[in-house]
Structures are given as structure tokens and as C-alpha cells.
Amino acid sequence: MKLPIRVSSTFFMVTKQLNSAKNRNQYVMSLQTNDSIDTEKLNPQAEELEAGLSNNERELIGIFLKSGILTSKQVQHARRVSSKVETPKPLSVLCKELNFVTHDQILNALRGTPLSMSLGDLLVELGHIRRADLQLALDMRANDNSQRDLDQILVDQCLIDEETLIRMQALKLGVPFVEPDFSEVDRRLFSKAPLNWYVKHGLIPVGRESNRVRIAFVDPQKVQNLGDAKQIFGSDLLCSMTSRTYFEKVIEWVKRGSKKRESISTTESEAVRLVDKIILAAIKRNASDIHIEPSSDKLRVRFRQDGVLTFFEDYPKEIIPSLTSRIKVLCDVDITEKRRHQGGRILYEYPEGELDLRVSFYVSIHGEKVVIRLLSRKGMLLKIDEVGLSPQILEQFKKGALYRPSGVILITGPTGSGKTTTVYSCIHSINDPQTSIITAEEPVEYVIDGITQCSINPKINLTFQETLRHIVRQDPDVIVIGEIRDNFSAEIAVQAALTGHKVLTTFHTEDSIGGLIRLLKMNIEAFLISSTVVSVLAQRLVRKVCSKCSEPYKPTAAELQVLGYTTDDIVEMSFQKGRGCSDCLHTGYKGRIGIFELLILDEFVRNAIIDMKTSQEIRQISIESAGLVTLLEEGIYKAALGITTIDEVLRCLPWLQRPRPLQELRRYLGGL
Ligand SMILES: [Zn+2]
């Protein structure tokens, strides 16, 4: 127990002396040599260590030793190496090559202290350019008539990229390099001067930190404009630098925003800012939905991320009317209507691109609850190989269903189970110039080139029934019906398949057998179902173990008992669990993967349907004859491979019967 006390008191003493020491670098050096007294017989003194170093090296090494990222022993070692290499290298570059420090550690240590060396020297010392290149650029500047400055010459000669250069300039000036998230940039700050002023002065306000405005310069030459900036944003502003790309994006973003709103009140502009902030934060977190919920005393905003609702922020209830109006303006619905449910869409433009948003207003006792669904971007269309089907199941699905010329393919699952993504990935995989694909969707969620898509719109009487009546007359090869929701759409699907079409559609049922049973209950003849439906793919989404913080994990005997397994059953399996990190917001999960149950209708299953067997009987026959692997079994298998967890499987997947042993499942599913 004595040791820690002694150490901490020594530490206290040292810190005190350190603060008063004139030359802190020297002090730290002597402190560190004292530390290594046992291992090192000869203690290099500070003077000895610095002898023969250039001023620039002395400045950098001093900072590195002071911040503790290098020890004097390491510096000594690097210098010995340096004396032996043929082509001399800067000391900090050598220390990186010797794995004493990383580049990030060096940058962190240098951050916040203005450096006295020139920018050119800094670039050389940190290994961004060679000494010879710097000399070349300096010579060019001396002989250049165009009066380009050194920075410009370095960039023009491709000796360094602009972004690195600006980062290095920020480092030299001792100011931070910032590129804050757009949701943090307050567009209202720009109203203090005309937009041209910011462009001319090469600076933008990027946010507020405890009532001080932070500005970012894009060009170190423009730092002389600091005085002008102080007149506008106050004398105690915070200075930083940013990249040209970021600077230009922000200017463009503000320009677009100011076109949309002229002469609006402060609460309105506050609402505009808030809506931007909420949507941008949701995009950044990869949320699928935004819930904006009024209650008696506040407005709560939550995001659905990886299928789970998570708290974002609360706001005072006074903001509710202006916030709701702002969203209504964006999606062009009746702003005065507050007593009826409404729906609309927004094409939301933001600096990195644009996004389709589907908005629903639901009248509640405390005002309108707004749910915004962030529709997947076009670029995120997957191929069927990418949705997460196990290799053997994928092959069966392609051969037994997707690539067959005709028949109904049903994709089933509850809302938010990823059905739509799977349907689109099917379309994407069979879309070619020889095939005519036509859809009736409510609404179209991805736009795919080369196919005909129709968005159902009951408001103008473009109903599902009306659309389906016309769809077969369009001479299609493949018909995609968004969802089977009634007898009529079920009949159309079956009729189209009977006349030789391939029909892709979704159905809202628990599992694959449930899909068949529901069709039977819709008064469709059993023999029609058995002869047209080729396959039913049931699916769910489960959260994936976060790859950044996953660790091997052995399920306990109790956990295994729930599944009917013993510890012997899980040998050779690699269960994983997320410890929780900042990347996964300490949940241990990041992203989701599909869990599938594929039923390909073989002769035995067809007969079972015609004989009107019960769902349990059909299920048993499917497992025995058609090799059906249930949702639960596929989930457990993916947990055994370390992709998800048993907790997640039990939370998300239906338990209809006891799962088979993992060794047996391996035969049906193969590795991943
Ligand atoms: Zn994590």
C-alpha cells in the first residue's frame, strides 16, 4: 500500500517543480532519465541530448519529450540510428519508423502550441515533403514572376495536397483544424454579414462554444482579417482553420437556405435550424426513422437506429407549432390543417447529397406527432448475394425461385423486417435488357433504372385495384406487387403466375408456412396455391455485434438450456459479444443483418397444401422433405458464427419449435 502513496506524492512534487521550472523541457528530460535509472546506466543529460540538433529539431523534440510521447532514451536511440543511415532523415520521421510514436501522437502533441519554425521546415521535419523539394519550391518562388506564394507552389507542383497543407498550417499557427458536422453549424450566424463578405474574407463562423463564436479560416493569408471578424462576432472569438472543400460546401449550403426563406421571424428561423439539425443528425447516425413526439410539457425527438428507438433530444413545448409548420412547408402539405392525419414527402438537400423523406403527421391529444422515414438512397441497392442469405440457402433461392421463369415468390415478415430491401435486391438481380419488369408499389422507395415503377396514390384515385387491373396488359415478364393486402391482390398474383409471369410480392406474416396458410384463408383454391407459389422467404432483421468492440464469448449453461443445447453442442463455434464502445453508442451492436427461412415448395409440401393439412403438419413436412431451416435456427447459427448474439435472436425471432443441434444446421447452412 505504501508504493502508490509515495509515487503520487513524488508526482505532486514533480508537477509543482515542473510548473515553476524555467525550462520545462529540460525538467521533463531529467525526470524521465531518473525514471529509467534502473535500466540505463548512463544517463544522457539534456545538453548532451540536444547537442548537434538543429533549432527546428530541438523545438519539436522538446515538445515530444514534454508531452511524454517520446523518452530521452528513444531520442538517443533514434539519433544513433540517424548517424548511421546514408540519407539523413528528420528525427521525428525516424522515430515513426522505429515505431516509437505514431503520426497521430505527433499531431496531438503539437496541437495548440504555435511553432516558431517556418511552414516549409515543419513539412520537412514531419516528413510530408523532402528537404530537396522544399528547396526546389523556394527556388521557384525566387525566380517566379507570377508572385505565387510557397503554399501555392507546393500544391501546384503536387508536392503536397491542399488539405494536408491547411492542417499543417493550423498546426504551425497553434489553432485547431475543424470540420464540424453540418448539424452543428448555426446558419443564423451568417446573417451578420452578406455572404460575399465571408467569401472575400476567407472565413466562416462554424459554431458557438459557451457564447464565444468559433470562426474558421480557409487561408492563412487571410488570418490578417481577424480584426474585421472581431468587429462582427465580438472580440473574444475562437480561431481555427478548415479545408477549402468544407468552406465551399458550407457557403453553398447557406446560399441554398437563404434563398428558401426571406423575412421570417426568429421562432421560425429557430425551427428551420432545428429541423435541419434533427434531420442531419439522423442521417449521420444512419437512423431509419425520426419520431417527433409532443407531450404535455415537452417535445421529444427519438431516432430508430438498427431497429431500436433511441433518445435524441427534448425541446421546450413552445417550439411545437413552428417546428410542425416548418416540416409541413417542406413536404408541401396543408399547413393550416391540424385536425386530420396527413402524409407527405420531402426531397431533402444537404451538403453531401439529397435524400428522400416520407413524412406522416398523426393528430394526437398534445398536437401532431411527426414520423419521418429516411428512405434508402439509390446507391444502397443490394444484389441478392448481399442481403445476408447463408450460401446454401442463397443457391436454393436462386435456383428454386428467383431464376425460374414463372411463379409467385412471396417475401414475408412484419413491418421493418427488411422485406422491401429483399424485393428490390431480387429486382436488381434479374433486371436486364431482355426482361420487362413492372411494379405497383405504395410508395416507390428506390428508383431503379430500366424498369417501370408505379407509385399508388389513392388521393387521386390511382388505387391498387385500378393499377393491378392494368398491369397485366402491359406485357410484363415480371410483376412486382408491393404487398398482398386483400383477396383481390392475391388473386391477381395467382392469375398472373398461372399465365406464365413471374410475380414478386410481400406478405405480412410471421413465418413462411404462415404465408401459405394466409393465402388459403383468402379463399384461393388450394390447388391454385400449390401450383403457382414457388417459394416463400420469411425474414427478420437482427442487430449485428459491433466489429470494433466484439469479444469471444461462451454462452452459459443456463443460456444454452433455453435452446435445449449443452456445452458439448457448441464446441468449434465462435460466439461473440460487443463490449460496448463509442462507435456503437455502448450498445455492443452496430448495423443489422437479415435472418431467413426459405421454403421451396416441393411435391410433398404441395400435396400437404392440397390436403389442407394444419400449419404444424406442413411445417414438419417442410423440415423433413424440403430441408427447411427455421428463422430461429438460422438466427442461432448466425449467433454461433459470432455475427449476432443469442439475446438478440431470442428477442427478435419467433419460437415455433425446438431448434435442431448446431452440427445438423451446419449441413443445411454451410459456413458463411
Ligand atoms: Zn462497439
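Checked across the stretch 248-269, the condition of being acidic (Asp, Glu) and either under 21 Å from the mean Cα position of the chain (by Cα) or modelled with pLDDT of 85 or more (or both) holds for at least one residue.
Can you name every residue in the stretch 384-418 that is touching a residue at least 60 places away in the same chain (Cβ under 8 Å), part of a loop (DSSP other than H, G, I, E, B) and farther than 18 Å from Arg485 by Cα? Correct list: Val387, Gly388, Leu389, Ser390, Arg404, Pro405, Ser406.
Restricting the stretch 573-588 to residues that are near the ligand (Cβ under 8 Å from one of its atoms) and buried (at least 21 other Cβ atoms within 10 Å of the Cβ) leaves a set whose member that is nearest to the chain's Cα centre (by Cα) is Cys584. Look at the stretch 120-134: where a residue is buried (at least 19 other Cβ atoms within 10 Å of the Cβ) and a partner is hydroxyl-bearing (Ser, Thr, Tyr), sitting 6+ places away or on another chain with Cβ atoms under 8 Å, you get Glu125/Ser92; Leu126/Ser92; His128/Thr164.
Report yes if Glu551 is acidic (Asp, Glu) and within 16 Å of the ligand (Cβ to nearest atom), otherwise no. The answer is yes for Glu551.
Taking the criterion of being assigned to a strand (DSSP E or B) and farther than 27 Å from Arg187 by Cα, the residues of the stretch 329-359 that qualify are Gln342, Gly343.
Would it be correct to say that Ala558 is surrounded by fewer than 15 Cβ atoms within 10 Å (Cβ to Cβ) and over 24 Å from Ser429 (Cβ atoms)? For Ala558, the condition - surrounded by fewer than 15 Cβ atoms within 10 Å (Cβ to Cβ) and over 24 Å from Ser429 (Cβ atoms) - is met. Within the stretch 555-572, being within 19 Å of Gln657 (Cβ to Cβ) and either outside any helix (DSSP H, G or I) or within 16 Å of the ligand (Cβ to nearest atom) (or both) holds for Gly564, Tyr565, Thr566.
For the stretch 428-468, the candidate set comprises residues that are assigned to a helix (DSSP H, G or I), β-branched (Val, Ile, Thr) and over 32 Å from the mean Cα position of the chain (by Cα); within that set, the residue that is surrounded by the fewest Cβ atoms within 10 Å (Cβ to Cβ) is Ile460. So, Ile481, is that one without any contact (Cβ under 8 Å) to a residue 60 or more places away in the chain and surrounded by 21 or more Cβ atoms within 10 Å (Cβ to Cβ) or not? Against the criterion (without any contact (Cβ under 8 Å) to a residue 60 or more places away in the chain and surrounded by 21 or more Cβ atoms within 10 Å (Cβ to Cβ)), Ile481 qualifies. Output the residues belonging to the stretch 496-512 that are within 35 Å of the chain's Cα centre (by Cα) and part of a helix (DSSP H, G or I). Across the stretch 496-512, the qualifying residue is only Ser512. One residue alone among Leu154, Leu138, Leu203, Leu189 is under 26 Å from Leu53 (Cα atoms) and of a type in the set (A, V, I, L, M, F, W, C), and that residue is Leu138. Ser489 satisfies every condition listed in (1) assigned to a helix (DSSP H, G or I); (2) of a type outside the set (Asp, Glu); (3) over 29 Å from Leu394 (Cα atoms) except (3). All but one of (1) of a type in the set (Ser, Thr, Tyr); (2) away from the ligand (no atom under 16 Å from the Cβ); (3) touching a Lys or Arg at 6+ places or on another chain (Cβ under 8 Å) hold for Ser535, so report the exception by its number. Of the numbered conditions (1) of a type in the set (Ser, Thr, Tyr); (2) away from the ligand (no atom under 16 Å from the Cβ); (3) touching a Lys or Arg at 6+ places or on another chain (Cβ under 8 Å), the odd one out for Ser535 is (3). For the stretch 589-603, enumerate the residues that are away from the ligand (no atom under 16 Å from the Cβ) and either crowded, with 17+ Cβ neighbours inside 10 Å or over 22 Å from Glu510 (Cα atoms) (or both). Of everything in the stretch 589-603, those that are away from the ligand (no atom under 16 Å from the Cβ) and either crowded, with 17+ Cβ neighbours inside 10 Å or over 22 Å from Glu510 (Cα atoms) (or both) turn out to be Gly594, Ile595, Phe596, Glu597, Leu598, Leu599, Ile600, Leu601, Glu603. Looking at the stretch 80-92, which of the residues that are of a type outside the set (Ser, Thr, Tyr) and surrounded by fewer than 19 Cβ atoms within 10 Å (Cβ to Cβ) is nearest to Glu125 (Cα to Cα)? Only one residue fits best here, namely Lys89. Within the stretch 432-445, residues that are without any contact (Cβ under 8 Å) to a residue 40 or more places away in the chain sit with their Cβ atoms under 6 Å from residues that are of a type outside the set (Phe, Trp, Tyr) and surrounded by 14 or more Cβ atoms within 10 Å (Cβ to Cβ), at 6+ positions apart or across chains, in these pairs: Val444/Gln453; Val444/Ser455.
When Ala78 is tested against the conditions (1) modelled with pLDDT of 85 or more; (2) over 15 Å from Ser54 (Cβ atoms); (3) part of a helix (DSSP H, G or I); (4) not hydroxyl-bearing (Ser, Thr, Tyr), the lone failure is (2). Within the stretch 558-585, residues that are without any contact (Cβ under 8 Å) to a residue 40 or more places away in the chain and assigned by TED's automatic domain parsing to the domain that holds Gly635 sit with their Cβ atoms under 7 Å from residues that are more than 16 Å from the ligand (Cβ to nearest atom) and in a loop (DSSP other than H, G, I, E, B), at 6+ positions apart or across chains, in these pairs: Leu560/Thr566. Of everything listed in (1) modelled with pLDDT under 90; (2) buried (at least 17 other Cβ atoms within 10 Å of the Cβ); (3) closer than 27 Å to Pro476 by Cβ; (4) aliphatic (A, V, I, L, M), the single unmet condition for Met380 is (2).
The values are calculated or read from the model by the stated rules, or taken from the named source; none is laboratory data. The model shown is predicted, which means the values in this text are computed figures rather than measured ones. Please note: Cβ atoms are built from the backbone with ideal geometry, for glycine as well, and neighbour counts cover all protein chains shown.
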